[in-house]
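Derivation of every value follows stated rules applied to the coordinates shown; laboratory data play no part. What you see is a predicted model, and the numbers here were worked out from it, not measured in a lab. Counting neighbours? That spans all protein chains shown, and the Cβs are built from the backbone with ideal geometry, glycine included.
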């Protein structure tokens, strides 16, 4: 099956450069890379043109005008221009180890969507995450034992949730959707009409998609116990974790159930405003 890597972008091109560097070095190469930009102020077009010269992997840039934080629409924009059966979503601040995409191909099976859990690096650790470290695929050089234990703990929690959800229909979810480190069959993404673009501002769009996928009969599975993605440090997009979409999310929760899992404003929305560069 073909696989597209869809990377959400908004400024921080220095972080994106390292993200792409890790994608280029995958043991299993993606069939295409989509950079889906939320109207960066930094020179994303110039950056894109430079990056295209560094890889033989087909690459597309799709851009929307920046209005507010619109992660849901950004991800749908990326899917709207890609051509693969497997959608692997990354955020631009994520670094992936060399067998990450191989793990996706091995673990994404019928009835699942995949959701990882990244190691959150400190500012100091992010500075130590050099291109050489990424090339060597040597996360042990920078991770602490506490960080490794946290990942194992989360994996066990997610696995238990997956098993319970698979065999006990009243359990609400398996591994929660974490959009920046996830993978979904395109058919499943289209069936629920992608991300709900009514989520504007930081937070809750992943929870909503995960709940709708569960209503479709898909269970989240954590696939990154050995292939740990790293989250590079940067200033957050939110204000102390404030979720602007909490009210809308609560109202939607009671409206999602089997046979009613599509959002109204999603992947099928018009995108006449997009700038697309190949």
FRET efficiency, residue 157 to residue 243 (Cβ-Cβ, R0 22 Å, nearest 0.05): 0.50
Compute for the chain: radius of gyration divided by Kirkwood radius, i.e. Rg/Rh, restricted to C-alpha atoms, rounded to two decimals. 0.94
Mean ellipticity per residue at 222 nm, deg cm²/dmol - from DSSP H runs of n ≥ 4 across the chain, formula -39500 (n - 2.57): -10500 deg cm²/dmol
For segment 52-199, calculate the relative contact order in percent as a whole number, restricting contacts to Cα pairs under 8 Å that are 6 or more residues apart. 40 percent
Provide the packing ranking of 48-59, 82-93, i.e. peptides ordered by the mean count of other C-beta atoms within 10 Å per residue, highest first. 82-93, 48-59
Which of 94, 142, 104 moves the most in a Gaussian network model of the chain with Cα springs under 10 Å? 142
Just to be sure I understand: with springs between alpha-carbon atoms less than 10 Å apart, which residue in 76, 99, 245 has the highest mean-square fluctuation in the Gaussian network model of the chain? 245
Length gained if residue 31 through residue 54 is fully extended, taking 0.36 nm per residue and subtracting the Cα-Cα distance, is 6.8 nm
